[in-house]
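Single-structure report; data block below.
The values are calculated or read from the model by the stated rules, or taken from the named source; none is laboratory data. These numbers were taken from a predicted model, which means no experiment stands behind them. Quick reminder, even Gly has a Cβ in these numbers, built from the backbone with ideal geometry, and neighbours come from all protein chains shown.
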Amino acid sequence: MPNTAAELTERASRFLDRAEHLLERLESGLPSQPATPDWAAHSAFRWRRQGRQGWIEAIAQPQRMEIGRLDGIEAQKQQLLRNTAQFVAGHPANNVLLTGARGTGKSSLVKAMLPLFSGHGLRIIEVDKSQLADLADITPLLAGQPWRFILFCDDLGFDHDDNGYMALKVALDGSLAATPDNVLIYATSNRRHLMPEFLADNQSGPTRGAEVHPNETVEEKTSLSDRFGLWLSFWPFDQDTYLACVGQWVDAFGLGALDADTVRREALQWAQMRGTRSGRSAWQFVRDLAGRTRLTATGTAPE
């Protein structure tokens with residue numbers, strides 16, 4: 001037991017040295033503080049989360065989608081272009097819900113806004129549907145910035161107990177805190193009402209275990225999509241629209257010299273095999289066609 005001031009000072013000094021060394025080891029194991037996004041150097045971003053920490057991360061090589069390559073959705077193009085132009089110019093604009101058949105260009109159309117408007121201050125931040133509960137943390141980071149931000153939520157769909165459902169409702173217009181004027185939400189989904197609906201929702205008459213006021217359940221399911229000011233619907237392609245889309249991608253891949261009848265026949269066979277005619281299946285077919293054609297041209301195709 002130390003009994004002098006010198007011994008007490010020495011003991012305290014050793015304790016502080018050990019504590020400082022322990023803190024250094026702990027700090028070295030903590031994740032580094034994410035850098036502030038460089039809004040001027042990048043136009044596309046994503047929201048990332050690790051543990052309790054979330055941050056906005058730049059996408060170094062965003063997918064560049066040319067709007068002229070998207071066929072069969074002219075009306076949807078014009079409406080989304082108009083809404084985005086209003087927003088970028090600082091005028092009132094609506095949150096947008098793009099719904100309908102798979103592979104018809106919903107996500108591609110949103111991505112096509114970036115090359116058109118990034119030079120005018122538009123920035124797109126992709127938010128995964130599993131991280132929608134973070135929307136309340138994201139929007140304050142964007143408030144007051146001179147840029148215009150679209151929060152892009154792709155392929156939405158919710159279960160009854162999904163926390164992201166309520167978070168998105170609040171982010172759209174259900175909170176006491178106003179959403180910043182420089183932020184909109186663009187979302188895509190294969191379901192217009194975003195939540196599963198059941199035959200029991202439309203059945204009349206009492207059923208054991210059923211709700212006393214089932215109409216309120218139906219209202220709850222439709223209320224989320226109602227909070228989007230602009231709805232854009234996408235329909236399955238007919239054959240002519242599908243083939244026109246194939247033609248666009250044939251030109252894009254430089255395959256115009258191929259026999260048109262052969263390309264048409266193979267494109268229809270591809271769609272039949274996939275069970276769908278869509279812009280996505282047209283793009284996938286032409287990618288396959290381009291790969292096969294170039295492999296044969298180089299003489300490296302297997303015998």
*Mind listing whichever residues of region 122-153 are part of a strand (DSSP E or B) and either of a type in the set (Lys, Arg) or free of Cβ contacts under 8 Å to residues at least 60 places away in the same chain (or both)?*
123, 148, 149, 151, 152, 153
_Being surrounded by 12 or more Cβ atoms within 10 Å (Cβ to Cβ) and either at pLDDT 90 or above or not assigned by TED's automatic domain parsing to the domain that holds residue 90 (or both) narrows it down to one residue among 255, 194; which is it?_
255
_Please determine whether any residue of region 214-227 is modelled with pLDDT of 65 or more, aliphatic (A, V, I, L, M) and in contact with a helix residue (DSSP H, G or I) (Cβ under 9 Å, 6 or more places away or on another chain)._
yes
_Members of region 84-102 found to be crowded, with 22+ Cβ neighbours inside 10 Å and farther than 18 Å from residue 142 by Cβ, listed by number_ = 97, 98
*What is the residue count in region 162-179 for residues that are of a type in the set (Ser, Thr, Tyr) and modelled with pLDDT of 75 or more?*
1
*Go through region 71-93 and count every residue that is in contact with a Leu (Cβ under 7 Å, 6 or more places away or on another chain) and at pLDDT below 95.*
1
_Anything in region 1-58 that is modelled with pLDDT of 75 or more and assigned to a loop (DSSP other than H, G, I, E, B)? List them, or say none._
4, 36, 37, 38, 39, 40, 41, 42, 43, 51, 52
*Could you check, for region 91-112, whether at least one of its residues is more than 29 Å from residue 250 (Cα to Cα) and without any contact (Cβ under 8 Å) to a residue 24 or more places away in the chain?*
yes
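A quick yes/no check of all residues on (1) within 30 Å of residue 281 (Cα to Cα); (2) modelled with pLDDT of 85 or more:
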position	(1), (2)
152	yes, yes
160	no, no
181	no, yes
204	no, no
*Could you please give the count of residues in region 104-121 that are over 14 Å from the mean Cα position of the chain (by Cα), buried (at least 21 other Cβ atoms within 10 Å of the Cβ) and not in a helix (DSSP H, G or I)?*
1
